[in-house]
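Reading through the structure tokens given below for one structure.
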Amino acid sequence: MPAQPTRPHLEWGLALAFALAAPSLLAFNVPPSATLLNQLLAVAGWGGVLWVAAEAHQVRWAGLLRQLPLPGVVGLLLLALVYAFAQGLPSSLAWQWASLLGLALLLFCVSWASRLPDGQGGDGSAAAFASAMLLAGLLSAAVAMVQVFAPSWTSWADGHLIARSGLPGRAVGNLRQPNHLSSLLLWALIAWVPLANAGRWFSRRLPQAAWAALGMVLVLAVVLTASRTGTVGILLIAAWGVVDKRLSRRVRLAMLAAPLMYLLCWTLMASWAHSTANTFGGEVRLSEGDLSASRFGIWANTLALIRANPWTGVGLGEFNLAWTLTPFPGRPVAFFDHTHNLPLHLAVELGLPLAAITMALLLWALWQAATRAWQVQGEAGAASRAAFMMVLMIGLHSLLEYPLWYAYFLLPTAWAWGLALREPDAAGQPPAVPASPWLLVAGLGMVLGAAWALYDYSKVTAIFSAGDGNLSLQQRIERGRSSVLFAHHADYANVTVNDPPSQAMASFATTTHSLLDTRLMIAWARALDETGERDKARHLADRLREFRNPDAKEFLGACDAPAAAASGELPFQCTPAQQPHSWREFVTPASPSVIPAKAGIQGL
């Protein structure tokens, strides 16, 4: 490779490596959000990617308007946001969705249009993306090894450098979720394919033994997560090896052997656990009575909500509120804020017509990506097909989880989709031109925006820590309520510490749209009772009783208290609601006087 493109390629590789690896390696977090810092780091990292793209890339915008499916999805979701806000969704939550969708669309467009000349008349951006993804996966695999094999290394696994796993014998990564770690590792395995096929990683040649070792490390790390999606992903990689005959024979054989390597690693881990009196999380998972982890139950409840709201749905972002306040005597006892299935989630929140259009556009864009990726020849074609497989894999994960609700998965998915949708170069196409300065502005804006959001977040973190000794808890709450993006955390504190809770009635209009938990439901029920809406308060108590949560024992146990029995007057929560109540009765339509412009969001 000529010397001239060395520096742009180095800068590009470093920017991508930071954007993909840094968010998944950050273990430190500050309450109340366990992933907010990781997501802000992802936004800043991808801002750096755009910054470097403005310096080193060329762009070809002609034909971008033909990529209608994904922009169409964004447009439909933005319309749904407007409708949801009109129905009561706080403006801050709507801004959360709008900002994430806008950033994802921006990255998709830049990824589709940009080219990084490799000095040989080709494009090196897809290979650099795969190299950075493989590096991110290997670093997280190292974290997984420490969490399972050496959790007592307090100098490493101290919760700040490497997160402690709360699941014995399972790797959770620094994102503290085994499914998230599994998806990142599967992305890295997919990225391994085009790099091993070319024999180069960051433009350096590695021996075949090194490639085999890297693949085995990633497969073992997937086993350590004990994730169901990990098993599906390994089978998906093997299926890719069956159909993609343009890959080298040795790489295809490795891909076909991936399920066998997975089983071998599983067997070795089980033997290690038995011989050393340790725990292997995979065996624990197999022994669980409900392998669906309550998904069958939440899907059944979701179908009932769809039947009740078939045309317009419950509103974007309102599933948790609608599900929690709708009677489901046999409901799963955990508090769900997502259906854990993307098509069902779209159907319940958007309604069947809009959800069907949205899913059709997504599948259309997925089919376009597959068709175009398979048209590209040579090493670039392998990288393009890997980008498509990353999108397909995270799509399959979205049938059991909701990874695309996190910036550190959504933004790379948008970038990979853009890579896969690139049209093969053909005669008559307009030449690529130097990237526009606006990419530099967009990248800088993302970095500065993430830094400002971090400052804004600091206003609410003081509420959930020791805080400033010069400020009382109520003063810290009021300061938190001035946060533009995260005030709903302060509203949660406001309604759960105020006595009586009806003094903070306005805060319920915001915080109840995030995640209803036991403390919040108890405070809300008491506030409704205090303001004369006793039957609605009883409805909340009825729903709380369905969750069978130990934290509600004292509240619901008041019905059996001797004082209540002696007086003959039972508290409101001891009597069922006298009439049915729709969840919509608990929603206040959005207005400046009720939902201030500075309401908060849970995270970017």
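The values are calculated or read from the model by the stated rules, or taken from the named source; none is laboratory data. Please read all numbers here as calculations on a predicted model, not as lab measurements. Here the Cβ is made from the backbone with ideal geometry for all residues, glycine too, and neighbour counts use every protein chain on show.
Summary table
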item: Filter result for Ala210 (over 24 Å from Asn174 (Cβ atoms) and without any contact (Cβ under 8 Å) to a residue 12 or more places away in the chain); result: yes
item: Residue match in the stretch 278-288 (condition: loosely packed, with under 13 Cβ neighbours inside 10 Å and more than 30 Å from the chain's Cα centre (by Cα)); result: no
item: Residues within the stretch 168-196 that are surrounded by 24 or more Cβ atoms within 10 Å (Cβ to Cβ), outside any loop (DSSP other than H, G, I, E, B) and not aromatic (Phe, Trp, Tyr), tallied; result: 16
item: Residue that is under 24 Å from Met389 (Cβ atoms), aliphatic (A, V, I, L, M) and modelled with pLDDT under 80, where the choices are Leu134, Leu116; result: Leu116
item: Sole residue being assigned to a helix (DSSP H, G or I), buried (at least 24 other Cβ atoms within 10 Å of the Cβ) and over 22 Å from the mean Cα position of the chain (by Cα), chosen from Ala80, Ala130, Ala126, Ala86; result: Ala126
item: Helices (runs of 4 or more DSSP H) (entirely within the stretch 273-375) containing at least 2 residues that are within 30 Å of Arg385 (Cα to Cα); result: 342-350, 352-373
item: Filtered residues of the stretch 460-519 (kept if assigned to a helix (DSSP H, G or I), aliphatic (A, V, I, L, M) and without any contact (Cβ under 8 Å) to a residue 24 or more places away in the chain); result: Ala462, Ile477, Ala504
item: Top-ranked residue of the stretch 299-311 - restricted to ones that are in contact with a Leu (Cβ under 8 Å, 6 or more places away or on another chain) and of a type outside the set (A, V, I, L, M, F, W, C), ranked as surrounded by the fewest Cβ atoms within 10 Å (Cβ to Cβ); result: Pro310
item: Answer residue from the stretch 22-53, given it is assigned to a helix (DSSP H, G or I) and among the polar types (S, T, N, Q) and is surrounded by the most Cβ atoms within 10 Å (Cβ to Cβ) among those; result: Asn38
item: Selection status of Val172, among the β-branched types (Val, Ile, Thr) and touching a helix residue (DSSP H, G or I) at 6+ places or on another chain (Cβ under 7 Å); result: yes
item: Number of the exception - Gly378 against (1) at negative phi; (2) surrounded by fewer than 17 Cβ atoms within 10 Å (Cβ to Cβ); result: (1)
item: Odd one out for Thr339 among (1) under 27 Å from Leu421 (Cα atoms); (2) among the hydroxyl-bearing types (Ser, Thr, Tyr); (3) touching a residue at least 24 places away in the same chain (Cβ under 8 Å); result: (1)
item: Residue under evaluation Asp551, criteria (1) surrounded by 15 or more Cβ atoms within 10 Å (Cβ to Cβ); (2) within 28 Å of the chain's Cα centre (by Cα), criterion not met; result: (1)
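Let's see how each residue does on (1) among the polar types (S, T, N, Q); (2) at pLDDT 85 or above; (3) under 15 Å from Val223 (Cβ atoms); (4) in contact with a Ser or Thr (Cβ under 6 Å, 6 or more places away or on another chain):
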site: Met145; (1), (2), (3), (4): no, yes, yes, no
site: Ala157; (1), (2), (3), (4): no, no, no, no
site: His160; (1), (2), (3), (4): no, no, no, no
site: Ala163; (1), (2), (3), (4): no, yes, no, no
site: Leu195; (1), (2), (3), (4): no, yes, no, no
site: Trp201; (1), (2), (3), (4): no, yes, no, yes
